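> Quick one: the structure is below, and I'll ask about it shortly.
The values are calculated or read from the model by the stated rules, or taken from the named source; none is laboratory data. Note that the structure is a prediction, hence the values are computed from the model and not measured. Using ideal geometry, Cβ is built from the backbone for each residue, glycine included, and neighbour counts are taken over all protein chains shown. These area figures cover heavy atoms from the full protein model, side chains too; ligands, DNA and RNA do not enter into them. Shrake-Rupley method; radii C 1.70, N 1.55, O 1.52, S 1.80 Å.
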Amino acid sequence: MDGFGGWGLPPILQIIRTGLGTTSGEGLVLLNDTPAAAGAQQISPRIRWTGQGWKTNATAGSQTVDWIADMVPVQGAANPQARLAFNYQINGAGYQATPTMSLLNGNVGIGEVTPTTKLKISGVRGLSSEGQLWVLGTTDHAYMQIQSDDPTNKETGLQLVGLGTISGPDWTIKIGANSSDLRFNDGTNDTVM
């Protein structure tokens, strides 16, 4: 915020573009113009944010904390794809092998390099054995809502995969198309509640 919010400090870098109206225009471009080759994609220059955090364990002291964002080209058949990856490191120990978060083709991956669904979460459970996804209602009840855009013709449900596969889950909890019946399916049999 220094220099941009009226705190009296001059900005280190300030980009001003006037007259853009409602059309987006480039303000800052980070470019790697080296041509790619098969199996040799050319990553963009990264943006890095660096700060200092305090650790309380012995020996207490300040440590450097960094976040980075890069645009990572992904080789493709008809066209390459562009993945935006976010990652961090603590005290110069090296960035994580798997990005903390990735954006690819409109999909979001948390702990996932190439998400293939709108949201894919990969990783270990939390410290208190909570799940990878935790919905917490702080001043109200906690709900997770799943809704079809066409409930007359499409099912709405939740699939649980243990020993099964994504295409053949162990259990499915669903509301059938054009129905309000809650159905439990064990992979073979439907039980209507």
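> Every residue in the range 160-191 that is of a type in the set (Val, Ile, Thr) and surrounded by 10 or more Cβ atoms within 10 Å (Cβ to Cβ), please.
Residues of the range 160-191 that are of a type in the set (Val, Ile, Thr), as a first pass: 161, 165-166, 172-173, 175, 188, 191.
Passing the criteria: Val161, Thr172, Ile173, Ile175.
> Is it fair to say Thr50 is over 19 Å from the mean Cα position of the chain (by Cα), among the β-branched types (Val, Ile, Thr) and outside any loop (DSSP other than H, G, I, E, B)?
Working: over 19 Å from the mean Cα position of the chain (by Cα): yes; among the β-branched types (Val, Ile, Thr): yes; outside any loop (DSSP other than H, G, I, E, B): yes.
In short, yes.
> Cβ-Cβ under 6 Å, sequence separation 6+ or interchain: first residue in the range 64-87 and within 18 Å of Asp33 (Cβ to Cβ) and charged (D, E, K, R), partner part of a loop (DSSP other than H, G, I, E, B) and open to solvent by less than 40 Å² (accessible area, probe 1.4 Å). Which pairs?
Final answer for the pair search is Asp70/Ser44.
> Residue check, Asp140 against (1) within 30 Å of Gln81 (Cα to Cα); (2) in a loop (DSSP other than H, G, I, E, B), all met but one. Which one?
(1)
> Considering the range 74-85 alone, what residues qualify as being hydrophobic (A, V, I, L, M, F, W, C) and open to solvent by less than 50 Å² (accessible area, probe 1.4 Å)? Lay out the reasoning, then the answer.
If we filter the range 74-85 for residues that are hydrophobic (A, V, I, L, M, F, W, C), which is where we start, we get 74, 77-78, 82, 84-85.
Across the range 74-85, the qualifying residues are Val74, Ala85.
> While we're looking at this one, here's another question. Give the number of residues within the range 125-159 that are more than 27 Å from Gly176 (Cβ to Cβ), open to solvent by 100 Å² or more (accessible area, probe 1.4 Å) and among the charged types (D, E, K, R). Let's see the steps before the verdict.
Quick first cut of the range 125-159, residues more than 27 Å from Gly176 (Cβ to Cβ) only: 125-130, 132, 134, 136-140.
Next cut, open to solvent by 100 Å² or more (accessible area, probe 1.4 Å) only: 125, 127, 134, 136, 138-140.
Pick out the ones that are also among the charged types (D, E, K, R) and you get 125, 140.
The total comes to 2.
Every residue, every condition in (1) farther than 28 Å from Tyr88 by Cα; (2) surrounded by 10 or more Cβ atoms within 10 Å (Cβ to Cβ); (3) among the β-branched types (Val, Ile, Thr), yes or no:
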site	(1), (2), (3)
Thr22	yes, no, yes
Glu26	no, no, no
Leu31	no, no, no
Ala38	yes, no, no
Ile47	no, yes, yes
Trp54	no, no, no
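> Next up: Would you be able to say whether some residue in the range 93-113 is surrounded by 12 or more Cβ atoms within 10 Å (Cβ to Cβ), within 11 Å of the chain's Cα centre (by Cα) and over 22 Å from Ile47 (Cα atoms)?
no
> Of the conditions (1) within 22 Å of the chain's Cα centre (by Cα); (2) without any contact (Cβ under 8 Å) to a residue 24 or more places away in the chain; (3) exposed (fewer than 13 other Cβ atoms within 10 Å of the Cβ), Ser122 satisfies every one except a single condition; which number is it?
(2)
> Also, I was wondering about something else. Any idea which residue in the range 3-20 is modelled with the lowest pLDDT, counting only those that are open to solvent by less than 80 Å² (accessible area, probe 1.4 Å) and within 33 Å of the chain's Cα centre (by Cα)? Please lay out each step first, then the result.
We begin by selecting, within the range 3-20, every residue open to solvent by less than 80 Å² (accessible area, probe 1.4 Å); these are 3, 5-6, 8, 11, 20.
Within this subset, residues satisfying the condition of being within 33 Å of the chain's Cα centre (by Cα) are 3, 5, 11, 20.
Numbers: Gly3: 41, Gly5: 49, Pro11: 73, Leu20: 83.
For the range 3-20, the residue satisfying everything is Gly3.
> Report the residue count in the range 79-92 for those that are under 10 Å from the mean Cα position of the chain (by Cα) and under 30 Å from Ala60 (Cβ atoms). Break it down into steps so the answer makes sense when it comes.
The initial filter retains those residues of the range 79-92 that are under 10 Å from the mean Cα position of the chain (by Cα), namely 84-86.
From what's left, under 30 Å from Ala60 (Cβ atoms): 86.
Number of matching residues: 1.
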